[in-house]
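Structure first, commentary second.
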Amino acid sequence: MNKLQPLHPGSEDLLLFIDGELPEPRQAAIRMHLAGCWKCRAEVEELENAVSQFMRYQTAVDAAEGVAGTRSSADLRRKLERLDRELGRPGLWSRVRHLLTLPGPAFARRVAAGILVMATAWAAVTLVQRLTPARRMAPAMQPAGSVQAIAPTLPPPALPKPGVPAAPPALAPAGLPEIAALVKLHTLGADLGEPVETEPSADGAVTVICRQVGRERETEIRSALAGIPGVTVRTEPAGPQDTGRRPPTTLALGSGGNPLERALAGQLGGKAVFDRLANEILEQDDGLMARVYALHDIEKRFPASRQAGLSAQDRAALEAVILDHRRAAIENGAAIESRVAPIAKALGLASPAARQPAAPGIFEAAQRMDRILNMFFGGSPSKLTGAELGAELNAARAELRAALEAVR
Amino acid sequence: MSIGALGPAVDLATGAIGPPMESPVHELVVQLYEEMRDPVCRYLARLGVPRTALDDLCQEAFLRLFQALRSGKQVPNPRAWIFTVARNSGLNAREAEARTQELDEKADWPQVASADPEAAILKDETLARIHRLVEGLPSDQRHCLRLRAEGFRYREIAGIMGVTVSTVAGSIRRSVLRIREAIHE
């Protein structure tokens, strides 16, 4: 079996490509291939035409059937108000947001909202401490995101929301505009794969470029960056999406899928269990990839030689962002492992702990894991046999574990 | 769009839409309703929900979203959330309907139309071919296509339908390749 990258991507890959559903490295590889291949461009046009014709059909059916909601939004408003009354007092969140939107001095409103939040938090903490004194210290003693937690026997950890810091990072103030902008964007979670770029200039100023992030998001970003000396924000149309991410080189992608899916579903207790696990794993994988790409980007922008020239204040701010990404990546990795372990066990794979691979970079290890997870659970085609898929999964687990251990 | 406790999509900067209300959550839900009412009703119709029940089930999904947000629940993807709830309600309603009258095999495909949709579609040869093909697709494949046409990503469709992403990818792949063939017949 040829494990090399096929000369031309198949129709399956091209369809996933036009739907933007391939892992980014593969997406970039096909984009590059299409730039020079008329045959595949023609194939893409055929697929796009099929999609267009289906949409034309669907529009015609919708128009002919004339199905539409007949109740106005005013009707829904009345029901919401009635429901609100039936449910009683609005929740804390509603009250806080309501306070923030009241007319009047902004400072007073924010203070009132803050007092309400703090008072509620204090009451909640006091109540919990009274009710559960024995467990009071336990969660705080757990090292957050410890790689030691990666063990098949552990219950799945609470899922951090992929792509968003699980806890607000303690970020230091920065002096250099580029780092100040990085810190702010990180606080907003805008450094996790959104089309937001940073363009430094020779005089030390920096331009943050938003490419079709949406009006609300752009307002949020502009507001966060407003007032930082040397930082300006510019809007541009979507660019060529050249992320500089390297194309995959380890595995061949072609037609196929996961030949183990049916057997696995049986061993894990049914398709529903497999489906749930698959969706959870891919969510965590998304979070992991967002973090490692963010770290990769920082590494490129601030190599060691440049970091050495930064002020202590800027180095501390940069380090805080890096540590936060690493912490989140470790949590994502632990969450992936806790879900993949039962699957590996069902496949009869040896524990990856038995292997001691040389510690790879976290970027390479996460990319390898991303590729295999997408083959296993994400519909990415593969020419690997079931046994090869299993072995690759185990190798990727060992590599990721070693990489995360190295940055812990 | 992400909403829930302090989700960024709640646009407070632009001010309230309509009369003052208790919280911006109201406004957010109403805004979503205005955007999604017709697609949700169409989706419910294709699940086999009788026309007379479409509005009720559609509004129920938005009321449940409101309740969830009000109780502090995180709803990272409200569009997919609404469709998931609508799908579950629609399938329940269809089951209830089936208890009173036996459903035929195609009950999950257009049960609507005051006019005859086929008459308009069949005038166009390409659309007629696609129509025949789509009608012959398994129900799940049709729903995957429909949801994709509504703009959902594979992962969102998987969440709504309770299947894996690879199942969605396979369904869409097979359907699109068959549509491509049908166009060139």
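Laboratory data are not the source of any read-out in this text; all were calculated from the coordinates shown. Please read all numbers here as calculations on a predicted model, not as lab measurements. Backbone-built Cβ (ideal geometry, glycine too); neighbour counts: all protein chains shown.
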Practice item. Tell me the label-point distance for the pair B:Asp124, A:Ile18, using the 7 Å Cα-to-Cβ offset, in nm and rounded to one decimal. Key: 1.7
Check your understanding: From the Cα gyration tensor of region A:7-86, with a ≥ b ≥ c the square roots of its eigenvalues, which class applies: rounded if a/c is under 1.5, or else prolate if a/b is larger than b/c, or else oblate?
Key -> oblate
Revision key, fill the gap. With a ≥ b ≥ c from the Cα gyration tensor eigenvalues, square-rooted, and the rule rounded for a/c under 1.5, otherwise prolate when a/b > b/c and oblate otherwise, region B:126-168 is prolate
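Work out the mean other chain Cβ neighbour count within 10 Å for the residues of B:172-184 and drop it here as an integer.
Details: counts 6, 12, 1, 2, 11, 6, 1, 7, 10, 1, 3, 6, 3.
Whole-number average of other-chain Cβ neighbours for B:172-184 is 5.
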Study note, to complete from the structure: Given pairs A:Lys79/B:Lys73; A:Lys345/B:Lys73; A:Lys345/A:Lys383; A:Lys39/A:Lys383 and cut-off 27 Å on Cα-Cα distance, the over-length ones are A:Lys345/B:Lys73
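Going by average Cβ neighbours within 10 Å, how do the peptides B:45-55, A:219-229 rank, with the highest at the top? Write down the numbers at each step before the final one.
Values: B:45-55: 19.5, A:219-229: 14.9.
Highest mean packing first, the order is B:45-55, A:219-229.
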Exercise for review: Work from the charge dipole of region A:37-90 (Cβ charges, +1 for Lys and Arg, -1 for Asp and Glu, about the Cα centre) and give the residue of A:Gly66, A:Met55, A:Cys37 farthest towards its positive end.
Suggested key: A:Gly66
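Using a Förster radius of 41 Å, what is the FRET efficiency between A:Thr219 and B:Glu185 based on their Cβ-Cβ separation? Nearest 0.05, please.
Working: r = 50 Å, r/R0 = 1.22.
It comes out at approximately 0.25.
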Point to revise | Nitroxide proxy distance, nm - points 7 Å out along Cα→Cβ at A:Thr187 and B:Glu135 | key: 6.0
Practice item. Report, by chain and number, residues whose modeled amide H sits under 5 Å from the one on A:Thr198, excluding near sequence neighbours (fewer than 5 apart, same chain). Key: A:Ile209
